[in-house]
Amino acid sequence: MYLKSLELSGFKSFAKKANLEFNAPVTAVVGPNGSGKSNVAEAFRFVLGEQSIKSMRGKRTEDLIFNGGESQPRANRAAVKLVFDNRKRLLNIDFDEVAIERVIHRDSLSEYFINGSAVRLRDIVELLAGAHIGSSGHHIISQGEADRILNSNSRERREMLEDALGLKIFQYKREESERKLEKTRENMEKVESLRKEIAPHLKFLKKQVEKVEKTIALREELKSVYREYLKRESLYLAETEKALAEEAAGPRRDLARLEHELSEAKKVLEASKHKDAKSSELMSLEAKLKSARESRDEVTRTIGRIEGEIGSLERMLARERATANTEAVTVEYSKVKGFVGRIEELLGDIEGAKDLGGVKAALAKIRESLKLFLESNKNTKAQDRAGELEKEIRLLKERKEEADKGAKDAEAELSKLSSAYASLQGDIEKEKDSSRDAEKSMFRIMAEENEIRGRLSVMAVREEKLRLEKVDFKREVEEGAVLIGRDVYLYESDTTEHAAEERSLQEERRKHIEKIKVRLEDSGGLSAGDVMKEFNETSERDEFLARELVDLEKSAASLTELIAELSEKLDTLFSDGIAKINKQFKEFFALMFGGGEASLAVVKEKKRKRGPSPEEIEEMGLEAMAEEEEETEVGVDIHVNLPRKKIKGLEMLSGGERALTSIALLFAISQVNPPPFIILDETDAALDEANSKKYGDMVESLSKHSQLIVITHNRETMSRAGVLYGVTMGREGFSKLLSIAFNEALAVAK
């Protein structure tokens, strides 16, 4: 025996604590009408988790709490405790004795306890389900419910039998699996939706990453070419500077010597007693020639500097024009991202459009957005820079024209002075006076000095060109540092010897560098770090979602397989159970009626699904008008054939015959899958004396498989009980409980 005791306190008519001990196979609860004996059966329902107040003959929760009497105030709570002997582990919990308790308060608060520990209703339901026990199962049968299995339709009857056969636990698992499968499919749809949502952005980022990778490759190529170019250029400038210095050293020494000799000659002339007008004229002419040469040299250097600046600006102009004419335009990443977001928003409007007009309006907005984006991102910066460079070149050319004019004037002045110098030299040469030796010496010195100054003037132009090349080189290094970072300075650490080469090769390298720069500018101002970071994050999220989708698909497949297995198992167990019930049903039916036949038959009924509503037809179109599918519903019918009567339908049975039939079926069900205990609440009320004996025999037979708690008025049924509990109610207005051994109960009954 698994059931030990039932304790009631404040439950319905039991104001004070009442305890029922179940130490016999059959325990009978007796008492007059209205004494509260049926409240014992309802206490079982209550503690086992029944949520329907109506099934316990109440309207509100507080109807289950003792409401007071003449000598007893109303209770604030109702509690019922059911104790099980769990030494055989009927319940899947590691205790030898399990006490399940439910307490309710007048504020409708409901509490559940297992061995004194608060738990959820779900915990109690799951614990009891494993032992084939429920709050409203086949093991709690009241007088009205005995006939319910006959009055129910085939579907409801099938559900009762499934409950009696212990299939609820499998149905619960299947329903739980179906809920999980539905949730899994919803999650799959969400994951697929998320992947579709990020796919365009991921595609866009992938293209940006490709651009970044090309930019990185270009930078690496630029590093390599830059390093070679700068090393070559550095060597060229150093060698050219050294060569110019060596070449100019001799003429500068000669010029210094001649200037010293000229100074000495001037001193001689100034100190000469024979100083005359020609000597003064010679001195003046020498000073003018010197000034004219310096003016010419200065103008020449200015022209060289201007020409160098013009050449440098023209190279920059060529690069800017190449940038301006290219099809690729540099656009900031944030602008592109915002533009893509705007287009996605407009595409969403198209998806949500309900008519063609809405689609056309959204397409017009997309076209306008594209036009505005193109207009706002024209390559105007390169065009503006090219315009500024052209303006600077024009100004330099104007300055060069002025410098050229100044050079002509200086050359004309120098030519004029040179003619005067030659004329004076001729006059002095004609004079044979020895005092003219100083003047002749001056003429020689000035002729040599003029030649040397001419050579130095040419070298000054070369030096100015070298200076400009150094400026260009410095600017190239600074620009390289901006483009490729400090790696540009690695050329300084390259000690590899380079053989002399044609200058044209270096010019080709420079052009190649300019082309790479233009391509780098075309690649735009993409922030490689930000783009790669966002791409990696988005890719990782997409990969995570892909893995999540695979896991969900596996989970869905596993759940589908589990549901199929559970359905197959349920079908098998149900079919086997029906066969076993039929065998017992025939025996009990024949025993109750003295013959005849009775059986259960599984039937399949077809029913149509709900047709589409007008709104669904309007939304879904012709698809919703398709023929409705039919559903197959499994049910159970009862066939009876009474002896000596031509009655084969339940609707033709009398009240007593229906009671006997329902009792036979319920007992048959209990025999097939015996529950730990069965409560029979006045199920024998409609039986006469002859049938009561048969009922008592079946009760005694059933008690060999399940503990029975019988609520009855029937003397025959009482005689089969080991313990009798009497329920009475006096003037106080609450139920009292008395117990008596069977031999004493028999004497009282007589």
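Quick note: the coordinates plus some simple rules give every number you see, no bench work behind them. Quantities reported herein were computed from a predicted structural model and do not represent experimental measurements. Cβ coordinates were reconstructed from backbone atoms using ideal geometry, including for glycine residues, and neighbour counts include every protein chain displayed.
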**Complete:** Ranked on Cβ counts within 10 Å of their own Cβ, fewest leading, Leu218, Leu573, Leu356 go Leu356, Leu573, Leu218
**Complete:** Neighbours of Ile711 by Cβ distance under 12 Å: Lys/Arg at +1, Asp/Glu at -1, summed charge -3
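Please report Val461, Val672 as a ranked list, fewest other C-beta atoms within 10 angstrom at the top and most at the bottom. Walk me through the numbers on the way to the answer.
Numbers: Val461 17, Val672 22.
Ranked by crowding around the Cβ, least crowded first: Val461, Val672.
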**Asked** So what are the ³J(HN,Hα) numbers for the stretch 234-249, from phi and the Karplus equation (6.51, -1.76, 1.60; θ = phi - 60°), rounded to whole Hz, Gly and Pro as x?
**Response** 4, 5, 4, 5, 5, 5, 5, 4, 5, 5, 5, 5, 5, 5, 8, 5
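If you count, for each residue, the other Cβ atoms within 10 Å and average over each peptide, how do 390-398, 37-45 line up from highest to lowest? Write down the numbers at each step before the final one.
Details: 390-398: 13.7, 37-45: 23.4.
Per-residue mean Cβ counts within 10 Å order the peptides as 37-45, 390-398.
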**Prompt:** For the residues Met652, Met718, Met442, Met459, what sequence is obtained by ranking on other C-beta atoms within 10 Å, fewest first?
**Reply:** Met652, Met459, Met718, Met442
**Complete:** If amide H atoms are modeled at 1.01 Å from N in the peptide plane, then the residues at a separation of 5 or more from Ile679, or on another chain, having amide H under 5 Å from its own are Ile140, Ile141, Ile709
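Between Asn33 and Glu700, what is the FRET efficiency for a Förster distance of 35 Å, r being their Cβ-Cβ separation, to the nearest 0.05?
Working: r = 26 Å, r/R0 = 0.74.
It comes out at approximately 0.85.
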**Restraint check, Lys173/Lys354; Lys183/Lys604; Lys337/Lys360; Lys59/Lys580; Lys168/Lys704; Lys223/Lys465, Cα-Cα greater than 32 Å** = Lys173/Lys354; Lys59/Lys580
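Once you sort the root eigenvalues of the Cα gyration tensor of the stretch 1-158 as a ≥ b ≥ c, which label holds: rounded (a/c under 1.5), prolate (a/b larger than b/c) or oblate (the other case)?
On the way: a/c = 1.39, a/b = 1.10, b/c = 1.26.
Here the stretch 1-158 falls in the rounded category.
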**Complete:** Phi angles of the stretch 465-478, converted by Karplus (6.51 cos²θ - 1.76 cosθ + 1.60, θ = phi - 60°) into ³J(HN,Hα) in whole Hz with x for Gly and Pro, give 4, 5, 4, 5, 5, 5, 4, 4, 4, 4, 5, 5, 5, 5
